[in-house]
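To start, the structure under review is shown below, and the notes come after it.
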Amino acid sequence: MNVVYDKKRKDITFCTMLFKMPGQDGFNALKRMDRGFENFYLPSLKKLIETFERVALWCDAETAKYLKAHNLDKNIHMRVLELSELPHYAERDLWLSILHQMKKYRGNLLRRKTPEQWLDYMTMINAKPAIMDWAATENKFDSEYFMWIDAGAFNPNYDAVWHGNGLWNGHIYARPKNRVRISIQPTMGRARPRFVPRFVYDVYNKICGPIADATRETLSRQNLRDIAMINSDYDVPACSMIMTGDTAHRFYSEYERVRIWMQGQGLVSTEQAVFLAMMKYDSKHLFELVYVRGYVGVYGAVAAKAPDYLL
């Protein structure tokens, strides 16, 4: 991988996390690819830190030991935690109960995996906004911008991103002000139905025109007052986003507000579905969106100069 990044820059902190998931084989199955901790994630994180240096990281003791062995632990901002110390771990029993109730709706989340198989992953993935807020609050590197980048970004599956072929060569031009720059990927009508808060359904209907007959029929059949199912018009690749420190605080606060509201409506989800709900009802004008075709272009889009579309 041939990545060019100016390490002298002092305006961006790169935020990420890495935890060895209990039952790693089950976690790999969720992603339908080989995501081994030792041969996939640890080497990728090593390359990430070597490339960007100014990294804020939440990780487990095994990851910290690996970084120390490679002399990469001294200059990064690292917080070592158990999975049980992540912000939402205490909610897992509630999540499990809700997920079992959600099974009857046959949403995308529970199409192939059991509620139990999602708990560890959801505990980790819902911590993304909390890590961004922590990095911005501590601000060890005195940065203006904070960029989320997945710990697995430098794995062989993303080789095409890092070869200087125009997708992303390491240069970052974006300077979002008071917004979260994030990518969305049009689904071209191929998305499986997603469960969303009912107000999202109403907004979607007003903005995008009449809902498809199949979706309307499904809604009628379920007779739900506060929950609806839509065919989402876009996915939210959440492997990259960039924001200012002040925006990181707003982002975390708004994320938690919407996540908890959805939970009160009998919905729990990955962070991508929460982002989707936040974007559909973006009364705080928090997002600056960039369209991408496929996940490979996500990093380049987030780093580029101008957004394609503003909510």
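The values are calculated or read from the model by the stated rules, or taken from the named source; none is laboratory data. Because the structure is a prediction, the values reported are computed rather than measured. FYI the Cβ positions are ideal-geometry reconstructions off the backbone, even for glycines, and counts take in every protein chain you see.
For the range 54-63, give me each residue that is crowded, with 16+ Cβ neighbours inside 10 Å and either of a type outside the set (Val, Ile, Thr) or not in a strand (DSSP E or B) (or both).
ARG54, ALA56, LEU57, TRP58, CYS59, ASP60, THR63
Given the conditions (1) in a loop (DSSP other than H, G, I, E, B); (2) at pLDDT 80 or above, which single one is not true for VAL274?
(1)
Do you know which of the residues in the range 106-153 that are assigned to a loop (DSSP other than H, G, I, E, B) and charged (D, E, K, R) is modelled with the lowest pLDDT?
ARG106
Taking the condition of being within 21 Å of ARG175 (Cβ to Cβ), within 13 Å of the chain's Cα centre (by Cα) and aliphatic (A, V, I, L, M), how many residues in the range 126-152 meet it?
Residues flagged as within 21 Å of ARG175 (Cβ to Cβ), within 13 Å of the chain's Cα centre (by Cα) and aliphatic (A, V, I, L, M) within the range 126-152 amount to 3.
Among the listed residues THR137, THR123, identify the single one that is touching a His at 6+ places or on another chain (Cβ under 9 Å), surrounded by fewer than 22 Cβ atoms within 10 Å (Cβ to Cβ) and more than 23 Å from ASP11 (Cα to Cα).
THR123
Please enumerate the residues belonging to the range 255-297 that are free of Cβ contacts under 8 Å to residues at least 40 places away in the same chain and either over 12 Å from VAL236 (Cα atoms) or not aliphatic (A, V, I, L, M) (or both).
ARG257, VAL258, ILE260, GLY264, GLN272, ASP282, SER283, LYS284
If you take the residues of the range 246-265 that are surrounded by 17 or more Cβ atoms within 10 Å (Cβ to Cβ) and among the acidic types (Asp, Glu), which of them is farthest from ILE12 (Cα to Cα)?
Out of the qualifying residues, it is GLU256.
Could you tell me which numbered condition ASN28 fails, if it satisfies all but one of (1) closer than 30 Å to ASN169 by Cα; (2) touching a Lys or Arg at 6+ places or on another chain (Cβ under 8 Å); (3) modelled with pLDDT of 95 or more; (4) not aromatic (Phe, Trp, Tyr)?
For ASN28, the failing item is (3).
Residues in the range 64-83 that are in a helix (DSSP H, G or I) and at pLDDT below 95: how many?
1
Please go through (1) at pLDDT below 90; (2) under 23 Å from TYR234 (Cβ atoms); (3) part of a helix (DSSP H, G or I); (4) not β-branched (Val, Ile, Thr) for ASP159 and return the number of the only condition it doesn't satisfy.
Going through (1) at pLDDT below 90; (2) under 23 Å from TYR234 (Cβ atoms); (3) part of a helix (DSSP H, G or I); (4) not β-branched (Val, Ile, Thr) one by one, ASP159 breaks only (2).
Checking the condition surrounded by 16 or more Cβ atoms within 10 Å (Cβ to Cβ), closer than 24 Å to TYR158 by Cα and either modelled with pLDDT under 95 or touching a His at 6+ places or on another chain (Cβ under 6 Å) (or both), which residue from PHE40, PHE14 passes?
Testing whether each residue is surrounded by 16 or more Cβ atoms within 10 Å (Cβ to Cβ), closer than 24 Å to TYR158 by Cα and either modelled with pLDDT under 95 or touching a His at 6+ places or on another chain (Cβ under 6 Å) (or both) leaves just PHE40.
Within 23 Å of MET122 (Cα to Cα), of a type in the set (A, V, I, L, M), at pLDDT below 90 and surrounded by 14 or more Cβ atoms within 10 Å (Cβ to Cβ), is that true of VAL236?
Yes: the conditions hold for VAL236.
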